[in-house]
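Single-structure report; data block below.
Values quoted throughout were computed directly from the atomic coordinates according to the rules given, and no laboratory measurement underlies them. Only a predicted model underlies this, so the values are computations on that prediction, with no experimental measurement involved. Note that we place each Cβ from the backbone using ideal geometry, even for glycine, and neighbour counts take in every protein chain shown.
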Amino acid sequence: EQVVASPFDFSTSVLLYLPRDLPPPGDAGFVPAATARVAELVTLTDGGAFVLTTSLRSMRALGSGLRALLPERRMLVQGESPKPALIAEFRAAGDAVLVATMGFWEGVDVPGRALRLVVLEKVPFAVPSDPVVRARARALEEEGKNPFVELFVPAAAITLKQGFGRLVRTRRDRGIVALLDGRVTRRGYGRQLLAALPPARRTTDLAMVREFAATQLQGDDRG
């Protein structure tokens, strides 16, 4: 076995934004507040955004809300066209917003300036009611282990890293990743989730995001 270091300089090319002022994901106010924050981020980057959600319900709510807040922006939502067509349209536009759910957290490649903002709505925990997940959790419990610690957190860390990975596909790529789920900075398991991500600069301050967008993304001539 061999572990190969990443060729990407995440510390200079990516800013990871972890807002602490949004309601908790389970709160009724989370989706409206998250939608407003995403709209602000999209305005800062002039589009070029993936908004990745953890459920179809969240995807539809965010897609609808963003269309209302950003009526002039080209808004693409998973399910409205075949996946290859959505990706092709997103690449060609250069300033579009694509709202999608789990099928877009991995296996999607958009190098260059067309993608400069990735918003991750929530920590992508597995659905507990899924039969396979439920069976694995039960097996761990029978072994005296904690399914949340042994199964849910490690699996979420992998998916979170995959979502983050949509942004940087070449050495020239740069941009912002925003994780809107405040649990990663408030809960103990958040350290494990964040440790699994590439070593990008981190901030909870929207002012720093504005500065990064203005100095690193505006006038970006990547092809």
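Taking the convex hull of the Cα atoms, report for the range 74-122 its projected area averaged over all directions, in nm².
Result: 3.3 nm².
Just check the range 154-223 against the gyration tensor rule for me: Cα atoms, a ≥ b ≥ c as the square roots of the eigenvalues, rounded for a/c under 1.5, and otherwise prolate or oblate depending on whether a/b exceeds b/c.
Here the range 154-223 falls in the oblate category.
May I ask you to list the GluC sites (Glu not before Pro) in the range 23-98 that are in a DSSP loop and have at most 13 other Cβ atoms within 10 Å of their Cβ?
Filter output for the range 23-98: Glu72, Glu80.
Restricting attention to the range 66-150, which trypsin sites (Lys or Arg not before Pro) occupy a DSSP loop and are surrounded by at most 15 other Cβ atoms within 10 Å?
The qualifying sites are Arg74, Lys145.
Under unit Cβ charges (Lys, Arg +1; Asp, Glu -1), what dipole magnitude, rounded to 20 debye, does the range 91-218 have relative to its Cα centre?
For this selection, approximately 440 debye.
Would you mind working out the magnitude of the charge dipole of the chain relative to its Cα centre, with +1 at each Lys and Arg C-beta and -1 at each Asp and Glu C-beta, to the nearest 20 Debye?
Here the size comes out at about 60 debye.
Just for the Cα atoms in the range 24-100, what are the lengths along the principal axes, largest first, rounded to whole Å?
36, 25, 16
Give me the distance between the Cα centres of the range 73-105 and the range 116-173, rounded to whole Å.
Computed from Cα coordinates, the inter-centre distance equals 23 Å.
Bin by bin, in steps of 10 Å, what percent of the Cα pairs in the chain do you find, going until the bin that has the longest distance?
8, 34, 37, 17, 4, 0
Jot down the radius of gyration and Dmax of the range 23-67, Cα atoms only, both in angstrom.
Rg, Dmax (Cα atoms, Å): 10.4, 29.
When the chain is treated as a GNM, springs tying every alpha-carbon pair under 10 Å, which of Ala49, Ala61, Ala157 comes out with the largest mean-square fluctuation?
So, out of Ala49, Ala61, Ala157, the one fluctuating most is Ala61.
Which residue, Gly79, Leu117, Ser11, has the largest displacement toward the positive end of the dipole of the range 7-151 when charges sit on each Cβ (Lys, Arg +1; Asp, Glu -1)?
My answer, from the dipole projection, is Gly79.
Would you please classify the overall shape of the range 93-223 from the alpha carbon gyration tensor, given that a ≥ b ≥ c denote the square roots of the eigenvalues, rounded means a/c under 1.5, and beyond that prolate means a/b larger than b/c while oblate covers the rest?
Prolate, because a/c is 1.5 or more and a/b exceeds b/c.
Mind checking which lysines have their C-alpha under 23 Å from Lys83, skipping anything on the same chain fewer than 8 residues away?
Result set, ordered by chain and number: Lys122, Lys161.
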